[in-house]
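*Asks:* Mind having a look at this structure? Questions to follow.
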Amino acid sequence: MPATAGSPDFSLIIPVYKNEGSIVPLLDALEHVAGRLDGRFEVVFVVDGSPDRSYPMLRDELATRAFESQLLLLSRNFGSFAAIREGLIHAKGRFYAVMAADLQEPPELAIEFFEALATGKADVVLGTREARVDPLLTRLASAAFWGFYRRVVHPDLPKGGVDVFGCNKAFRDRLIALDESNSSLVGQIMWLGFRRLEIPYARRERQHGRSAWTFSRKLKYLTDSIYSFSDLPIRLLFGIGAFGVVASIALGLVIAVARLSGWVEVPGYAATSLIVLFFAALNLLGFGIVGAYVWRGYENTKRRPQAIVLDAHRFEGSRDP
């Protein structure tokens, strides 16, 4: 359906992956958000190659909803970062917010983001969790993840991490201009700087489905963040190498003294084996770390798109109250 004249004031980007159970309540909540905003409002849904019925459900439901919307279907699962970036590229508003589709973040938080941005006092607004209704192990794992992230990547990151944010057009344009593969969205937000504002909220209990934020995805996100925004692996490698040099010199002195003193009659088989094994392992570690940086640099030289839009729809929204 063709878009109406002019551009929306507010754009909300929502990546969708295995969220069919929350689609209807999410759309109901967004209609409430649209009714409270003083300006034109659009929602950009980006279905990130979801294997469930999220896409056909959204395609059917959005035609009946009051708010304007876009629906993008990616050709496969590229990850939430790529989906969010694609949504920001297609969004038409002056102010932007990004939220999840699982309703664990209150949709009303987007209103606070837009109101804060409209004052002109901040370029980017971060949603910071002050509480969360999750199982104990989930809370401990999240605290450990974001605690380590703050220590080795961005010390000024909020303690609870950042899952949702809002920004103005100037910040959005700079963010999508950072065309880096295998990077970190949170890392890029913090690296850009600009005027930041934090808005606390309480994370809700998940009502539908299971989180796709698995341990392997967390580990990849963390390593991407470290390699993109920290020289920690190189510093660790340098430290281990320096320790290995000192240790080998000390061991060499011990062996020389033992040999001259007659404590060792047979030339040191054990010492030689230990030294060879130690430095072989050190070399492998070094090649692995350097290789990770080289691979990421090589990936960025390919200039492949970070996501491919397979299908796109635009819905004007009903004008009836």
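*Asks:* At pLDDT 70 or above, part of a helix (DSSP H, G or I) and loosely packed, with under 13 Cβ neighbours inside 10 Å: which single residue out of D179, D173 fits that description?
*Replies:* Criteria check complete, one pass: D173.
*Asks:* Determine which member of the set I111, I14 is surrounded by fewer than 22 Cβ atoms within 10 Å (Cβ to Cβ) and assigned by TED's automatic domain parsing to the domain that holds D173.
*Replies:* Residue meeting the stated conditions: I111.
*Asks:* Can you spot a residue in the range 52-72 that is on the phi < 0 side of the Ramachandran plot, crowded, with 18+ Cβ neighbours inside 10 Å and under 17 Å from the mean Cα position of the chain (by Cα)?
*Replies:* Looking for residues that are on the phi < 0 side of the Ramachandran plot, crowded, with 18+ Cβ neighbours inside 10 Å and under 17 Å from the mean Cα position of the chain (by Cα), one finds none in the range 52-72, hence no.
*Asks:* Have a look at Y201, Y149, Y221 and point out the one that is at pLDDT below 65 and in the same structural domain as L126 (by TED's automatic domain parsing).
*Replies:* Selected residue: Y221, the only one of Y201, Y149, Y221 that is at pLDDT below 65 and in the same structural domain as L126 (by TED's automatic domain parsing).
The values are calculated or read from the model by the stated rules, or taken from the named source; none is laboratory data. The model shown is predicted, which means the values in this text are computed figures rather than measured ones. Using ideal geometry, Cβ is built from the backbone for each residue, glycine included, and neighbour counts are taken over all protein chains shown.
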